[in-house]
Every structure is written in structure tokens, then in C-alpha cells.
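Asks: Starting off with a structure, shown below.
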Amino acid sequence: MKALLKNIKPEIYDGIFLKDPESSDLGRRIFREGVSLIAEIGFDAFTFKKLGERIHSPESSIYRYFE
């Protein structure tokens with residue numbers, strides 16, 4: 001799954017993010033690992049807290065990119 005995700009360049013529409021995730025390494029990790037985590041545990045179980053733990057970054061850093 002991770003190998004497949006490396007080759008996909010999704011279009012992120014304006015208005016769904018506060019800061020463009022493509023503008024930094026952290027933003028790209030948030031997006032990449034967020035998609036991977038949703039695929040693993042499902043959308044209903046997904047939280048920014050779980051994503052923060054996965055990327056070893058505070059949950060608050062995710063809120064800088066997405067509400």
C-alpha cells in the first residue's frame with residue numbers, strides 16, 4: 001500500500017486546508033500518513049491525535065494545516 005501511495009499525486013482542493021500541505025515536509029507527511037492511516041483503521045476511527053502519534057508530531061501541528 002505504501003509503495004502505491006508514493007506514486008500517487010492527489011490534487012488537494014483549495015478551501016479544505018489552512019496551509020498548503022505541499023509547502024513543507026511536515027505537511028506532506030501529514031497528508032501521506034493520514035491517507036495511509038485512514039486506509040488501515042477506517043475513517044470513523046481516524047483522529048488527528050492518532051495521526052500525530054503516527055508521525056511523531058503534536059496534534060496541534062496538524063491543526064495548522066487542517067481544521
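The values are calculated or read from the model by the stated rules, or taken from the named source; none is laboratory data. Worth saying up front: this structure is predicted, and the values here are computed from it rather than measured. Backbone-built Cβ (ideal geometry, glycine too); neighbour counts: all protein chains shown. All accessible areas refer to the heavy atoms of the entire protein, side chains included, with ligands and DNA or RNA removed. Shrake-Rupley method; radii C 1.70, N 1.55, O 1.52, S 1.80 Å.
Asks: Net charge near Pro58: determine it from the other residues with C-beta under 11 Å of the C-beta of Pro58, scoring Lys and Arg +1 and Asp and Glu -1.
Replies: Neighbourhood net charge equals 0.
Asks: Moving on. What full-extension length gain, to one decimal in nm, is calculated for Lys19 and Phe43 as 0.36 nm per residue of separation minus the Cα-Cα distance?
Replies: Using 0.36 nm per residue and subtracting the Cα-Cα distance, I get 6.4 nm.
Asks: Quick check on the chain: helices-only [θ] at 222 nm, where DSSP H runs of length 4 and up contribute -39,500 (n - 2.57) each and the sum goes over total residues. Nearest 500, please.
Replies: Working: 4 runs with 35 residues, N = 67.
Counting only the DSSP helices, I get -14500 deg cm²/dmol.
Asks: Okay, next question. Output the relative contact order of the chain, whole-number percent, from Cα pairs under 8 angstrom with separation of 6+ residues. Don't jump to the answer; show the numbers that get you there.
Replies: Numbers: 45 pairs, mean separation 25.0, N = 67.
RCO, the chain: 37 percent.
Asks: Roll a 1.4 Å probe over the protein chains and send me the accessible area per residue for the chain in Å².
Replies: Spelled out: the 1.4 Å probe surface of the chain, per residue, equals 72 Å².
Asks: Taking the Cα centre of segment 15-54 as origin, sum charge times position over the Cβ atoms of Lys and Arg (+1) and Asp and Glu (-1), and report the length of that vector in debye to the nearest 20.
Replies: Magnitude of the dipole: close to 100 debye.
Asks: Right, another one. May I ask you to give the percent of accessible area on the chain that is carbon plus sulfur, with a probe radius of 1.4 Å? Please report the intermediate quantities before stating the final value.
Replies: On the way: 2660 of 4820 Å².
Heavy-atom surface of the chain belonging to carbon and sulfur, 1.4 Å probe: 55 percent.
Asks: While we're on this one: For the chain, which semi-axes, largest first and in whole Å, follow from the square roots of 5 times the eigenvalues of its Cα gyration tensor?
Replies: Rounded to whole Å, the semi-axes are 17, 16, 11.
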